[in-house]
Amino acid sequence: MGAPATAYDEKKETCGTVCLKYLLFTFNFLFWLAGGVVMAVGIWTLVEKSDYISLLSSATYAASAYILILAGAIVMVTGVLGCCATFKEQRRLLRVYFVLLLCIFLLEILAGVLAYIYYQQLNEELKQNLRETMVQKYRQPEQEHVTKAVDKLQHEFKCCGSNSSSDWGESVWIRTSEADGRLVPDSCCKTQTLNCGRRDHPSNIYKVEGGCITKLENFILDHLKIIGAVGVGIACVQFYTWMRIDEGAFYQQTA
């Protein structure tokens, strides 16, 4: 009578272990997908509008995106590691796995905190630095990245100058013969043609209240909200998943 009961218990234990392994695999797969989302947001932030980063004096905006990319990459590798640790039932591998999860959680929280801090100081930074950058560095030697960023900013956001188009009157480039009589860069024009910046009438160039500062600030603030929400939000989801994986791993080891 004892032998059949033992066989039944072994079969039950085997089925339970297999089910637990697949449950942990599912959690790790979801974890891997979350890492992909985090990394994608970081890459999108840098690639989509990377030119504008050169107009900012602080590296906090870029740092937040880089941290998300790093965290996302580690998450994806860790997800694969978690699957291997689960199926091979290696306790040392599981310990390394949980240490990596903690590091990822802290990285994503850091990205969210940095985004929030920079959110608070962005307006002051733009007021102090954007105008100086535009008038001092536009079309200057070894400042091609700034020139490209300014032209792209004015063209895409339909604005002219930092606070207004009159800012270009103090531009180092406008005062030289290289400007060829332009009053503003051609990127200020509603319809861009060669030397269209010679005429700064509202019918020809963008006259936006608040200038490009307001446009750029709103753009970056929107991105900071996304970075902060993704960093903290995904970290909380991953923390919950981590707890479920940890609980499952404990039962697997004690089974």
* Asked: Any idea how many residues of segment 54-69 are farther than 15 Å from G228 by Cα and modelled with pLDDT of 80 or more?
  -> 2
* Asked: What's the number of the condition N204 fails, among (1) at pLDDT 75 or above; (2) out of contact with any Pro (no Cβ under 7 Å at 6 or more places or on another chain); (3) open to solvent by 30 Å² or more (accessible area, probe 1.4 Å)?
  -> (3)
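How many of the residues making up segment 147-170 are touching a residue at least 12 places away in the same chain (Cβ under 8 Å) and part of a helix (DSSP H, G or I)? Reasoning before the result, please.
First pass over segment 147-170, keeping only residues touching a residue at least 12 places away in the same chain (Cβ under 8 Å): 148-155, 157-165, 167-170.
Subset that is part of a helix (DSSP H, G or I): 148-155, 165, 167-170.
Residues in segment 147-170 being touching a residue at least 12 places away in the same chain (Cβ under 8 Å) and part of a helix (DSSP H, G or I): 13 in total.
Regarding L122, is this residue over 19 Å from V232 (Cα atoms) and part of a helix (DSSP H, G or I)? Walk me through it before giving the result.
On the way: over 19 Å from V232 (Cα atoms): yes; part of a helix (DSSP H, G or I): yes.
The answer is yes for L122.
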* Within segment 114-146, how many residues turn out to be farther than 18 Å from N218 by Cβ, under 18 Å from the mean Cα position of the chain (by Cα) and without any contact (Cβ under 8 Å) to a residue 24 or more places away in the chain? -> 0
* **Among (1) on the phi > 0 side of the Ramachandran plot; (2) acidic (D, E); (3) surrounded by 13 or more Cβ atoms within 10 Å (Cβ to Cβ) - the single one E142 does not satisfy** => (3)
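The values are calculated or read from the model by the stated rules, or taken from the named source; none is laboratory data. Since we're looking at a predicted model, the values are computed, not measured. Positions of Cβ are backbone-derived with ideal geometry, glycine not excepted, and every protein chain shown enters the neighbour counts. These area figures cover heavy atoms from the full protein model, side chains too; ligands, DNA and RNA do not enter into them. Shrake-Rupley method; radii C 1.70, N 1.55, O 1.52, S 1.80 Å.
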